[in-house]
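Notes follow once the structure below has been shown.
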Amino acid sequence: MKKEMKIDEFCRPGEQLAEIDPAEIIPLPPPYDRIEKAPIRKLAEEQRKRMDASLDGVVAIGLTPPASPEEEKAFIEKFLAGLEKLFSADDNWTFLQPLTHTLEYCVKCQICSDACPTYLASGRQDIYRPTMRPEILRRIIHTYVKKDHLLLRKFQGSDIDLNWQTLARLAELAYRCTLCRRCAQVCLLGCDNALVSREIRKVFSQQMGIAPKELHEKGSVQQLRVGSSTGMTPAALKNIMEFVEEEIEEKTGRKIKIPVDKKGADMLLIHNAGEFMAWPENLEAFAILLDAAGVDWTLSTEIAGYDSVNYGVWYDDIQFARVAIRQSMAAKSLGVRKISLGECGHAHKAGIVVADRVLTGDLNIPRESILPLLEEIVLRGRIKLDPSRNNFPVTLHDPCNMVRLMGIVAPQRRILKQICPQFREMEPHGVENYCCGGGSGFAITQSTNFPDWRSAVSGRMKMKQILTAFEDVPGPEVKKYLCAPCSNCKGQFRDMFEYYGVWEKSGILYGGLVELIVNAMTNLKKPFIQWEWH
Amino acid sequence: MGTLIIVLTYIAYVFIVVVYTVKVLAWLRMPPHIRWDLYPVIHEEHYRYGGSYYEQQEWWKKPRPKNTWRSLLYSLKDNFTMGEYYERNRLYWLFLFPWHIGFIFIITFHILCFFAAVAMYGGLDIGAVSAHLAGRVFYYVLLCTGGIAFIAGTFGSLGMPIIRLADRGLRTYAMPMNFFNYLFFFTVYGSGLLSWLVLDPNLDEYRTYWLGLITLTAPALHTMTLIHIILFDIFLIYLPFTRSTHYITRILAYYFIRWDDEPNLPGSDLERQIAGLLGRKVSWEGNHIPTGKSWAEAATERGFPEGKKEKP
Ligand code: SF4
Ligand code: SF4
């Protein structure tokens, strides 16, 4: 049994608070039960000097220790100034109410801990409890912002001794939560500890300019500058589209012109630009399907108009608003009637739900998910499909943002039940699903040993679920398909499957939903899904 | 002493009502926030599996029926059953449940005593052998609610510190205030239990006390009952300093956060409110933010997010 951690230890300078122990992380079914390597690579001595890893030996941000006591003091003061802004109705009207509620009304009952896949998978490491971040934040607020009397703080257990390392650990810890909000779902008090993770990230970003570079510099900043967080320019997009058209012709014998910047089209479809780079088959499948169904659609080449990601939703309100506005402006300039979001969970939540209270006037263009349209195409027989073409075991991953966070649960299931004879659910599924482990930006975060952590810890529960869903056909000789209608989740599956050697050991291919639909189209000569995609 | 009790009781009730009201109003007065809904949303048609109106094509053209009664019942139910605790930590529930039941029943008991006293003032005889059915019903209902309150509350406040120390997660987050509360609440319920069992098996004294309250005449009570009533009044005054407002705010959080799926439709009041909020100034100091400008300007101003500010 692990050592029990006292909250005060969080502030103790020096030693690392927790270590992922291979003997304690939740076991996976065979052959994944044999742990052949340390789950997480150790940082080199030089890296440890440069970056604080005193939380758990893992680095997502890697803050550099201050050079002098003055620097430390300035750092702390700046953080505290930011913390005050979290409670200002001007600076934080966006989340003031849910944040205040959580901080004031959580009774620390720990029910949420048992719902958290990260905490459970880690072997119940105390630092990963959903309550740890809010507790540290609450103590900082009572001691340094509200400045409660010492006796009251002792009585209420809200006293804390702040130093640079506490904040460095807190910053890292905010990036050990996937924002899957499974914890919030079980809280009877209506508290949301996931939101607290986000709000801590926000103080670091909006006040201190600190965020993982994959989210900020190379993420939202790059998206606003060149058009996409992938770095892909509009000119590069056009080249990729030509490539995609050629690929479609090669695979299907059809010549399809992908509509780009078509003024007055009915629908602007925005994909996660990760698809263009990593999974062009998803774009191809969309183009084939929408063409066959006679949908009037277009892509855009305007800044942010061809990349549905909005990383701000995970760490920064202002960056969020900027991207949401640019995406809407792209649609406005094309004069489309509506925006539809492709297979990307966080883009769904960000673009359809969260942006809802940012976009006003003529920027408030109707936005919807592509899934109901896909459902209509499949279930109403707008194209001819042959389910026997998908006669292999298929299971479905529910992207948290699309399912638990916005209630799109049934359309993808109705499609799969129609076209995949061997479809089976994971347990639990739907709004109670487990996160892929790559939520809230983790799937794109490649810093040092962080990818190991997200495969070994935050994604482990999902890994277990996938293997269990296919437990009747465990070996690699039976090819199986994990349907993940989300680019971000696919990014996580790509890395996690590589980490565990899933293709070699189990023969599981991950991919989107639309690929399965196109694979079942009767008028395609060859199967669309190519198992070599792994 | 009887007069003191009357004054103290009025102060306690006025205090708790005023402070709870202020707290709830402060909660409600916070500005509208960004949508942060979480499914299942219980007023939704497909709440059973957690579906939303986004499952339809062009949802903005479709009706969005809301079953408000269902969501109200759902949110209230957990105030009583604490089902999530029963499912996830049964041992904790075993003590937490009576602790809350004690709380709910003791408040209910006093409210019922008030009505009983009004009825007595109007001439109703309340007792096991009252000539009126209403008098007998009142008697037994009061006996049950009071009895349950004292027994459950005492049991809960004895068990809570034990489970708080025995359960690893609860122990880590325990604070001295928790144990003070358990001890204090134990004296409140325990004194009630004792005076009921030893001195006042029919709970007559509470009716006398409430009759005294509404007629402003000092009641004659046993010392033990007096002690319990004084403790209960202090308990009422103390409650607003604890997290007890959560009985109300948790329901607000369900309605105004977790289940708030109201879309911002063009021309709506919500859209007007948001436009106002976007005009507020930001003072965030990150280099990618134009400090001092409005939200709308910060989100659209040229040169940002990359435009670095000169350090003063
Ligand atoms: S967030 Fe909710 S479930 Fe978690 S400890 Fe707090 S009150 Fe309990
Ligand atoms: S949001 Fe998910 S990962 Fe984060 S604390 Fe809650 S359950 Fe755990």
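Which FRET efficiency value, to the nearest 0.05, do you get for B:Arg90 and A:Ser68 by plugging their Cβ-Cβ distance into 1/(1 + (r/R0)^6) with R0 = 56 Å? Step by step, r from the Cβ atoms, then E = 0.55. What the phi angles of segment A:432-446 give under the Karplus curve with 6.51, -1.76 and 1.60, with θ = phi - 60°, is a coupling list of 9, 4, 9, 4, 5, x, x, x, 6, x, 4, 4, 9, 7, 10 Hz, glycine and proline written as x.
Show that you can apply the helix-only estimate: for the protein assembly as shown, add -39,500 (n - 2.57) for every DSSP H stretch of four or more residues, divide by all residues, and state [θ] at 222 nm to the nearest 500.
On the way: 35 runs with 398 residues, N = 846.
Roughly -14500 deg cm²/dmol at 222 nm, from the helical runs in the protein assembly as shown.
Of all trypsin sites (Lys or Arg not before Pro) in segment B:118-219, which ones are in loop regions per DSSP and have a Cβ with at most 12 other Cβ atoms within 10 Å? Walk me through the intermediate numbers first.
Numbers: sites: B:Arg136, B:Arg164, B:Arg168, B:Arg171, B:Arg207; in loops: none.
Qualifying residues, ordered by number: none.
Report relative contact order for chain A in percent, whole number only (criteria: Cα-Cα under 8 Å, sequence separation at least 6). So the answer I get is 15 percent.
Using C-alpha pairs under 8 Å with a sequence gap of at least 6, the mean separation divided by the residue count of segment B:1-58 gives a relative contact order of 15 percent.
May I ask for the distance between the Cα centers of segment A:348-384 and segment A:115-144, given as a whole number of Å? Between the Cα centres of segment A:348-384 and segment A:115-144 lies a distance of 35 Å.
Taking label points 7 Å from Cα along the Cα-to-Cβ direction, A:Glu46 and B:Thr21 give a separation of 6.9 nm. Considering only protein heavy atoms and a probe of 1.4 Å, how much of the accessible area of segment A:7-208 is carbon and sulfur, as a whole percent? Here carbon and sulfur together make up 54 percent of the probe-accessible area. Amide H contacts under 5 Å for A:Tyr481: A:Val394, A:Thr395, A:Leu509, restricted to partners 5 or more places along the chain or on a different chain, H placed in the peptide plane at 1.01 Å from N. Phi angles across segment A:513-518 convert, under the Karplus curve 6.51 cos²θ - 1.76 cosθ + 1.60 with θ = phi - 60°, into 3J(HN,Hα) values of 7, 5, 4, 5, 5, 5 Hz, Gly and Pro given as x.
The distance linking segment A:457-489 with segment B:121-175 is 51 Å (Cα centroid to Cα centroid, whole angstrom). The share of C-alpha pairs in the protein assembly as shown whose separation exceeds 36 Å stands at 51 percent.
Average accessible surface for chain A: 32 Å² per residue, computed with a 1.4 Å probe over protein heavy atoms with every protein chain in place.
Note on segment A:375-529: Kirkwood radius taken over Cα pairs, Stokes-Einstein applied at 37 °C and 0.692 mPa s, translational D equal to 207 µm² s⁻¹.
In straight-distance terms, cross-link reach from B:Lys66 covers every one of the aspartates and glutamates whose alpha-carbon lies under 12 Å from its own, apart from those fewer than eight places away in the same chain; here that gives B:Glu44, B:Glu45, B:Asp260, B:Asp261, B:Glu262.
Distance check, please: which entries in A:Lys218/A:Lys262; A:Lys202/A:Lys262; A:Lys462/A:Lys505; A:Lys42/A:Lys154; A:Lys3/A:Lys85 exceed 26 angstrom between their Cα atoms? Each step should come with its number before you reach the end.
Numbers: A:Lys218/A:Lys262 29 Å; A:Lys202/A:Lys262 37 Å; A:Lys462/A:Lys505 17 Å; A:Lys42/A:Lys154 38 Å; A:Lys3/A:Lys85 36 Å.
Table pairs above 26 Å Cα-Cα are A:Lys218/A:Lys262; A:Lys202/A:Lys262; A:Lys42/A:Lys154; A:Lys3/A:Lys85.
Extending 7 Å from the Cα toward the beta-carbon at both B:Lys61 and B:Arg302 defines two label points whose distance is 3.9 nm. For a straight C-alpha distance cut-off of 18 angstrom, the aspartates and glutamates reachable from A:Lys238 (same-chain residues fewer than eight places away being disregarded) are A:Glu246, A:Glu247, A:Glu249, A:Asp261, A:Glu275, A:Glu281, A:Glu284, A:Glu302, A:Asp307.
Taking segment A:67-195 on its own, what percent of its Cα-Cα pair distances exceed 16 Å? Walk me through the numbers on the way to the answer.
Numbers: 5433 of 8256 pairs.
Result: 66 percent of Cα pairs exceed 16 Å.
At full extension, A:Lys525 and A:Glu217 could sit 106.4 nm farther apart than now, given 0.36 nm per residue minus the alpha carbon distance. How many angstrom lie between the C-alpha centres of segment A:286-325 and segment A:158-211? If we compute the Cα centre of each part, the gap is 28 Å.
Residue by residue, segment A:394-410 carries 3J(HN,Hα) couplings of 10, 10, 10, 9, 9, x, 3, 5, 7, 9, 5, 9, 8, x, 9, 10, 7 Hz when phi is fed to the Karplus relation 6.51 cos²θ - 1.76 cosθ + 1.60 (θ = phi - 60°); x denotes Gly or Pro. What FRET efficiency, computed as 1/(1 + (r/R0)^6) with R0 = 30 Å and r the Cβ-Cβ distance, is obtained for B:Arg29 and B:Leu265, rounded to the nearest 0.05? For R0 = 30 Å, the calculated efficiency reads 0.80.
Across chain B the C-alpha pair distances fall into 10 Å bins from zero in the proportions 5, 18, 23, 21, 16, 10, 5, 2, 0 percent. The calculated FRET efficiency for the pair A:Phe87 and B:Arg171, based on their C-beta separation and a Förster distance of 22 Å, comes to about 0.15.
Compute the accessible area per residue over chain B, keeping the other protein chains in place, probe 1.4 Å, unit Å².
Details: 14490 Å² over 312 residues.
It amounts to 46 Å² per residue over chain B.
Taking every alpha-carbon pair under 8 Å whose residues sit at least 6 apart, segment B:31-114 reaches a relative contact order of 18 percent.
How much length is gained on full extension from B:Tyr13 to B:Phe184, taking 0.36 nm per residue of separation minus their Cα-Cα distance?
Values: separation 171, 0.36 × 171 = 61.56 nm, distance 1.86 nm.
Taking B:Tyr13 through B:Phe184 to full extension adds about 59.7 nm, to one decimal.
Spin-label model, A:Glu498 to B:Val118: label points 7 Å out along the Cα-to-beta-carbon direction sit 7.2 nm apart.
How big is the dipole moment of chain A about its Cα centre under a simple scheme where the beta carbon of each Lys and Arg is +1, that of each Asp and Glu is -1, and everything else is neutral? Debye, nearest 20, please. Walk me through the intermediate numbers first.
Numbers: 69 positive and 69 negative charges, 126 e Å.
Computed about the Cα centre, the dipole is about 600 debye.
The values are calculated or read from the model by the stated rules, or taken from the named source; none is laboratory data. All of these numbers come straight from a predicted model, not from anything done at the bench. Because the Cβ atoms are built from the backbone with ideal geometry, glycine has one as well, and the counts that use them run over all protein chains shown. Keep in mind that these areas ignore ligands, DNA and RNA; they rest on the heavy atoms of the full protein, side chains included. Shrake-Rupley method; radii C 1.70, N 1.55, O 1.52, S 1.80 Å.
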